[in-house]
Amino acid sequence: MKVGLLQNTLNVIGGAERFTVDLIKVLKDRGHEVHLATFDKVDWNRVEQNMGPCVKPDRSFSIFWKRLPIFGIYQRLLMVLAVKRLAKSVDITINTHSDHLFCRTDIVYMHGVNPTLSWDLKVPWWKVPYVLPYTIITWVALKRKKPNAFFITNSCHSAQKLLKLHGIEAERVIYPPVHTEVYRQLSEETDRED
């Protein structure tokens, strides 16, 4: 089966990125052809420097050659271009980034519910002019059409927030894998501060 993964970026090394890299490996190990769509071109050297050796997708493309240093949340809006292109070449699409309103995929794996997508904003007053237009855009998009994807969250907390803020019920809660070997090595160190 051809599986398309949508991830905003892999160049910011965090939980969603780690999950996407792990998912690529799991899918390929099971014989699937994996396509990856990102906003910016993946710097695999940087990813492997931070995460260790990675199994790369069979195909990948980005809609921009690099991440812009400004308007980060607004760059997500352009991912709709990536998902449309991705959907033409695969059997199923999976959004591993969480921002689901503009990127209609078959499956959405929610790492957390972005607080900028709600009216209960707890942001400093000086950030409101930046966040407010995005909040309005996402609110209008959600009111126009509820996504019909299969929603999975990484915790019960994320599932509750998804329901409370968007009225979307998660089909499943699947806790992401944790690379315990890193913590095991740290726990064995004797020369450290507690």
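The values are calculated or read from the model by the stated rules, or taken from the named source; none is laboratory data. Because the structure is a prediction, the values reported are computed rather than measured. As a convention, Cβ positions derive from the backbone with ideal geometry for all residues, glycine included, and neighbour counts pool all protein chains shown. With ligands, DNA and RNA removed, areas are computed over all heavy atoms of the protein, side chains included. Shrake-Rupley method; radii C 1.70, N 1.55, O 1.52, S 1.80 Å.
List of remarks:
- Selection from the stretch 50-69 of residues that are open to solvent by 100 Å² or more (accessible area, probe 1.4 Å) and out of contact with any helix residue (DSSP H, G or I) (no Cβ under 9 Å at 6 or more places or on another chain): Pro53, Trp65, Lys66, Pro69
- Selection within the stretch 128-150 - modelled with pLDDT of 80 or more and touching a His at 6+ places or on another chain (Cβ under 8 Å): Ala149
- If only residues of the stretch 161-175 that are modelled with pLDDT under 90 and open to solvent by 50 Å² or more (accessible area, probe 1.4 Å) are counted, the one that is nearest to Val113 (Cα to Cα) is Lys161.
- Meets criteria (within 15 Å of the chain's Cα centre (by Cα), at pLDDT below 75 and surrounded by 16 or more Cβ atoms within 10 Å (Cβ to Cβ)) for Asp106: no
- Count of the stretch 1-22 residues, restricted to those that are among the hydrophobic types (A, V, I, L, M, F, W, C), modelled with pLDDT of 95 or more and closer than 22 Å to Leu81 by Cβ, is 2.
- In the stretch 50-82, the residues that are in a loop (DSSP other than H, G, I, E, B) and touching a strand residue (DSSP E or B) at 6+ places or on another chain (Cβ under 8 Å): Pro57, Asp58, Trp65, Lys66, Arg67
- Filtered by the rule that a residue be modelled with pLDDT of 70 or more and either surrounded by 12 or more Cβ atoms within 10 Å (Cβ to Cβ) or acidic (Asp, Glu) (or both), the stretch 112-127 gives Gly112, Val113.
- The stretch 1-49 - residue that is of a type in the set (Gly, Ala, Ser) and part of a strand (DSSP E or B) and, of those, surrounded by the most Cβ atoms within 10 Å (Cβ to Cβ): Ala37
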